[in-house]
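Asker: This is the structure I have questions about; it appears just below.
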């Protein structure tokens, strides 16, 4: 039975960098077992929103709660979150096992070595567990990074372009992992440019433009081909609007 | 997950320090560059002065603190740069450990790193400058350790501040060296007296100020550190 309070709840979240509004009044509710695929062009504010949810950034206004806690005020609540970024967040001089074991120790897992090996096995990279990370390809590093992020079995997993650099086997392992996490009650936010991939995994889909969520759908009700066409149109219209704004501003 | 319990401040700090030392042990880049600098500087200072004007033992305190301050900077530079490469710092920040424990872990790692450098530098100094081996050298080692605490406290904070900037290599010494001055001044005064065979009581007032600076810097920098991580 999953808890009834939202796993992620963002209310009127705004984040500015100087005069630029990276995230502009976003409301979001995500429950256990749900997966939100977040689409949008570069600079739309997807990564900033993810970093706000992870507690890495402080909102300029509004609030973000994960499993009912504010991560910026309650350090122990950060154990609910797993973050997979497009940067590996690994130490290249250490081996995959050492990297994942270090993460397991930070989360206070009773048997960190066993947990690390288990996470690496789930990402199908156990055979390279003792090679230095710097000797691994980008795709293999990404698998280690994912293993590191899920070693503590988080209730909320935030994924920023997780398929980047993965080959077919790595992509399949990740998709299996995401399905497993969802079925075990984790809530996922998946930022991706690949709409097809996102819709295949997610229960909900949202489109961000200029820091705002401009469209939110239940994946059960959308037909992928139509959605992709509508998404492209939305993004193109957004780009046109932006360029016309630039012309107006310079005029 | 339910059985997991994040380590306390000092437990987490030790994890961070151990990880940093493991990385340095594998790469040894900062260690060798700091060590080579220290030994070369000792040689240069030895041959740069006329022995008939100033005896080597009288030069030793000044040489020691110049070498120590700059070799420390080389070590401190790498402290947060290893976190920046693949944004390892983000993994630390989303984990349930406190920001203060990250700072303390980095500082402990830096302190142990600098102690390893001094393990070679101080005997080399004694050898080059013909210093008395025994009690005076042990007291000097204790003074070095006290000074290192203050230097590491300040340097670790500024290393975190400088790492995200384009001119990190320039900014760290520019920010740190003014704060090193009170530490180095007191440590050098105490060292001069110890190596000049003066009673320890004469060094004590300088050491008391040094300890006071250590306490102030450790507390202030630990409290200030979380603010350096805000984007």
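Read-outs: derived from the displayed coordinates by stated rules, not from any lab. Note that the structure is a prediction, hence the values are computed from the model and not measured. Positions of Cβ are generated from backbone atoms using ideal geometry, with glycine treated the same way; all protein chains shown enter the neighbour counts.
Asker: Could you work out which residue, out of A:221, A:47, A:164, moves most in a Gaussian network model of chain A, that is, has the largest mean-square fluctuation with Cα springs under 10 Å?
Answerer: Largest GNM mean-square fluctuation: A:221.
Asker: Which three lengths, in whole Å and largest first, does segment B:9-228 cover when its Cα atoms are put on their principal axes?
Answerer: Largest first, segment B:9-228 extends 59, 33, 28 Å along its Cα principal axes.
Asker: Turning to a different aspect of this structure: In whole percent, what relative contact order does chain B give with Cα contacts below 8 Å and a gap of six or more residues? Numbers along the way, then the final one.
Answerer: Working: 249 pairs, mean separation 60.8, N = 231.
About 26 percent, as a whole number.
Asker: For helix A:168-183, report the angle its Cα long axis makes with the longest principal axis of the Cα atoms of chain A; keep it between 0 and 90° and round to the nearest 10°.
Answerer: 80
Asker: Okay, next question. Based on DSSP, what percent of beta bridges with both residues in the protein assembly as shown are antiparallel, to the nearest 5?
Answerer: On the way: 20 of 37 bridges.
Rounded to the nearest five, the antiparallel share is 55 percent.
Asker: Also, quick follow-up: Could you please state, rounded to a whole Å, how far the C-alpha centre of segment B:44-77 is from the C-alpha centre of segment A:143-204?
Answerer: 56
Asker: Largest first and in whole Å, what are the equivalent-ellipsoid semi-axes of segment B:106-202 based on the Cα gyration tensor, each being the root of 5 times an eigenvalue?
Answerer: Values: eigenvalues 167, 41, 25 Å².
Each semi-axis is the square root of five times an eigenvalue, giving 29, 14, 11 Å.
Asker: Quick check: the angle from helix A:112-122's long axis to the longest principal axis of chain A, C-alpha only, nearest 10 degrees?
Answerer: The answer is roughly 60 degrees.
Asker: Please grab the % of Cα pairs in segment B:14-85 that end up more than 21 Å from each other. All intermediate terms of the calculation are to be shown ahead of the outcome.
Answerer: Values: 1025 of 2556 pairs.
I get 40 percent for the Cα pairs in segment B:14-85 exceeding 21 Å.
Asker: Comparing B:161, B:138, B:148, which has the greatest mean-square fluctuation in the GNM of chain B with Cα pairs linked when under 10 Å apart?
Answerer: In this elastic network of chain B, the residue with the biggest mean-square fluctuation among B:161, B:138, B:148 is B:138.
Asker: Taking N as the number of residues in segment A:105-171, what is its alpha-carbon radius of gyration divided by 2.2 N^0.38 Å? Kindly include the intermediate steps, with their values, before the conclusion.
Answerer: Numbers: Rg = 11.9 Å, N = 67, 2.2 N^0.38 = 10.9 Å.
My calculation over the Cα atoms of segment A:105-171 gives 1.10.
Asker: What percentages make up the Cα-Cα pair-distance distribution of segment A:17-151 when the bins are 5 Å wide from 0?
Answerer: 2, 10, 17, 18, 17, 15, 12, 7, 2, 0
Asker: Who wins for biggest fluctuation among B:150, B:134, B:105 in a Gaussian network model of chain B, springs between alpha carbons below 10 Å?
Answerer: With Cα springs under 10 Å in chain B, the top fluctuation among B:150, B:134, B:105 is at B:134.
Asker: Rounded to two decimals, what is the ratio between the C-alpha radius of gyration of segment A:8-250 and 2.2 N^0.38 Å? Please report the intermediate quantities before stating the final value.
Answerer: On the way: Rg = 18.4 Å, N = 243, 2.2 N^0.38 = 17.7 Å.
So the Cα radius of gyration is 1.04 times the expected 2.2 N^0.38 Å.
Asker: Okay, next question. Cα axis of helix B:9-27 to longest principal axis of chain B: angle in degrees, 0 to 90, nearest 10?
Answerer: Tilt of helix B:9-27: around 70 degrees.
Asker: Which whole-number percent is the relative contact order of chain A (Cα, under 8 Å, 6+ apart)? Intermediate values should be presented prior to the final figure.
Answerer: Values: 483 pairs, mean separation 65.0, N = 251.
About 26 percent, as a whole number.
Asker: How long are the three semi-axes of the equivalent ellipsoid for segment B:68-128, computed from the Cα gyration tensor as the root of 5 times each eigenvalue, in whole Å, largest first? Don't jump to the answer; show the numbers that get you there.
Answerer: On the way: eigenvalues 179, 28, 10 Å².
In descending order, the three semi-axes are 30, 12, 7 Å.
Asker: If one puts a single equal scatterer on every Cα of the protein assembly as shown and applies the Debye formula without solvent, what log₁₀ I(q)/I(0) results at q = 0.08, 0.12 Å⁻¹?
Answerer: Ignoring solvent entirely, the Cα scatterers give -0.58, -1.03.
Asker: What are the semi-axes of the equivalent ellipsoid of segment B:1-56, taken as the square roots of 5 times the eigenvalues of the Cα gyration tensor, listed largest first and rounded to whole Å? Mind showing how you got there, number by number?
Answerer: On the way: eigenvalues 415, 38, 4 Å².
With the √(5λ) rule applied to segment B:1-56, the semi-axes are 46, 14, 4 Å.
Asker: Using only the alpha-carbon atoms of segment A:112-251, report the extent along each of the three principal axes, biggest first, to the nearest angstrom.
Answerer: 61, 36, 25
Asker: Mean separation of Cα pairs under 8 Å and 6+ residues apart, divided by the residue count of segment B:6-86: what relative contact order is that in percent? Walk me through the intermediate numbers first.
Answerer: Numbers: 24 pairs, mean separation 31.8, N = 81.
Computed over segment B:6-86, the figure is 39 percent.
Asker: With both bridge residues required to lie in segment A:8-250, what share of the DSSP beta bridges run antiparallel, to the nearest 5%?
Answerer: Details: 20 of 37 bridges.
Approximately 55 percent, going by the DSSP bridge assignments.
Asker: Which distance in nm do the two modelled labels at residue A:232 and residue A:76 give, with both placed 7 Å along the Cα-to-Cβ direction?
Answerer: 5.2
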